[in-house]
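Read the structure below first, then the notes.
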């Protein structure tokens with residue numbers, strides 16, 4: 001079995017987002033980075049599938065040189081190798097990102113054979129474009145199922161559970177397929193020390209794609225005004241309990 | 001210039017019409033249940049053909065899970081750019097949109113260079129306004145003309161929810177715990193208070209990542225978005241990831257040992273101190289008054 005998982009490097013924003021002076025990006029000087037939460041579950045699922053079925057697991061990202069950190073994180077969890085589509089840090093829109101991924105996937109498949117499953121996060125944590133997986137699936141002519149909380153390969157097909165209001169919808173599609181997943185699909189493991197050591201020497205293929213002019217072009221970012229909540233202190237410690245109960249009573253929930 | 005809208009039951013589609021009308025008239029509607037059971041590629045194919053036949057100047061849908069999914073497929077098959085979760089549009093050339101990033105913690109202004117803008121409207125961000133209603137597209141010939149390949153991805157079964165208890169999405173009260181609860185066992189006092197209030201139990205991402213609670217309890221950008229009358233946040237710092245799930249809460253009560261925690265500054269009511277003393281004291285007070 002061959003499994004590919006696509007990830008994206010995003011800042012860990014904490015409690016308050018601060019923008020750069022030109023308001024075109026988040027000021028990340030004091031922030032750490034991670035991969036989008038949905039994608040962590042994609043990585044974990046890919047590792048589990050290869051543990052169970054043997055084969056080849058690959059992680060791919062489009063991002064700045066520093067995104068190699070997230071590729072190493074994925075390999076520390078057990079992914080075999082990485083493909084890094086290196087950018088100069090400029091924003092790529094979903095359409096261009098998908099096109100660059102498709103080209104790299106085709107090149108890898110021409111050498112090593114088709115990926116049975118390509119995992120994406122349902123949407124990225126930062127730009128939330130909801131489209132890269134769908135565009136890649138269409139370009140490759142493969143079935144796409146989105147928003148998955150359970151993935152079960154069954155021979156030449158895969159059973160997929162998608163969370164919807166009032167339960168889960170089930171899809172069964174033939175492999176190869178493109179699947180977008182959501183956090184909650186599994187509980188990702190923590191990287192082990194030997195895993196981190198091994199990740200340092202696993203291969204990372206670097207490709208430098210050209211950035212086309214974006215057709216969804218970011219102009220500026222803004223932090224929305226607060227919701228006007230005015231924190232009223234009800235006191236501190238256990239002594240505040242009667243005031244809390246009073247608030248609950250006034251809200252009509254007690 | 002006609003405008004095509006993918007409609008589904010509920011307010012988000014009515015809110016979508018508010019922005020769609022800015023692009024012109026008449027409005028035409030294709031309904032999400034045009035193909036039943038749901039087959040997202042088939043809907044995208046129907047929208048693609050209908051948009052071409054109508055020479056639609058734009059295609060809109062609500063930014064629901066299914067709205068975004070179908071529009072992303074339409075974007076792929078028609079090689080057009082797609083702006084998801086917009087809250088404002090200006091139909092000049094090029095089209096300007098304001099859209100949500102980071103689950104609504106950040107707003108992006110963007111240009112959409114496209115002969116046919118594909119736009120979804122973020123739910124509950126735009127008012128419902130009166131105006132011309134869309135006429136339904138006659139989808140029968142379009143359904144009959146579907147390629148079998150577009151029916152390959154289709155809902156074939158439904159699994160009922162496994163958990164009992166009060167659902168986060170419909171709960172009037174949610175008692176939620178964060179890293180400050182300290183452990184899986186620490187949630188006993190959260191559950192006790194929730195039981196007294198007939199509330200759902202929620203938690204932050206730190207808690208599910210630690211394995212203390214199942215992911216189905218998680219409130220936030222990658223968990224459940226909630227809209228209770230009262231949200232009681234116990235030992236939750238209030239990262240943007242969590243706050244993105246709270247925008248619909250009517251009242252937020254924060255309990256935290258750090259008075260400067262973001263959630264303490266973005267709440268309606270606060271209690272400073274150790275939640276391990278405060279939460280049982282609230283439960284005791286409710287019992288006393290009953």
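Each reported figure results from applying straightforward, stated rules to the coordinates on display, with no laboratory input. These numbers come from a predicted model, not from an experiment. Don't worry about glycine lacking a Cβ; one is built from the backbone with ideal geometry, like all the others, and counts go over all protein chains shown.
A compact table of results
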| quantity | calculated |
| --- | --- |
| GNM top mover of A:49, A:221, A:234 - chain A, alpha-carbon springs below 10 Å | A:234 |
| Principal-axis tilt of helix A:94-112 within chain A, Cα atoms, nearest 10 degrees | 40 |
| Whole-number percent relative contact order across chain B, with pairs defined as alpha carbons under 8 Å at least 6 apart | 15 |
| Residue order, fewest to most surrounding Cβ atoms within 10 angstrom, among B:279, B:175, B:159, B:226 | B:159, B:226, B:279, B:175 |
| Rounded tilt (10° steps) of B:275-289 against the dominant C-alpha axis of chain B | 80 |
| Cα gyration tensor shape of segment B:224-290, rounded if a/c is under 1.5, else prolate or oblate by comparing a/b with b/c | oblate |
| Among B:218, B:48, B:260: highest mean-square fluctuation, GNM of chain B, C-alpha pairs under 10 Å | B:260 |
| Top of A:220, A:157, A:96 by mean-square fluctuation, Gaussian network on chain A, Cα under 10 Å | A:220 |
| Three-way shape label, segment B:173-289, alpha-carbon gyration tensor, a/c 1.5 | rounded |
| Cα centroid of segment B:24-94 to Cα centroid of segment A:191-230, whole Å | 28 |
| Cβ-based exposure ranking for B:224, B:49, B:135, in which fewest neighbours within 10 Å come first | B:135, B:49, B:224 |
| FRET efficiency, residue A:189 to residue B:185 (Cβ-Cβ, R0 25 Å, nearest 0.05) | 0.65 |
| Where labels lie 7 Å past Cα in the beta-carbon direction, separation of residue A:250 and residue B:96 in nm | 4.2 |
| Three-way shape call for segment B:48-178 based on the alpha-carbon gyration tensor, with the a/c threshold at 1.5 | oblate |
| Which of B:60, B:23 has the fewest Cβ neighbours within 10 Å, and the rest in rising order | B:23, B:60 |
| Alpha-carbon centroid distance for the pair segment A:77-138 / segment B:101-136, whole angstrom | 26 |
| Inter-part distance where segment B:260-290 and segment B:189-206 are each reduced to a Cα centre, Å | 13 |
| Rounded tilt (10° steps) of A:37-53 against the dominant C-alpha axis of chain A | 40 |
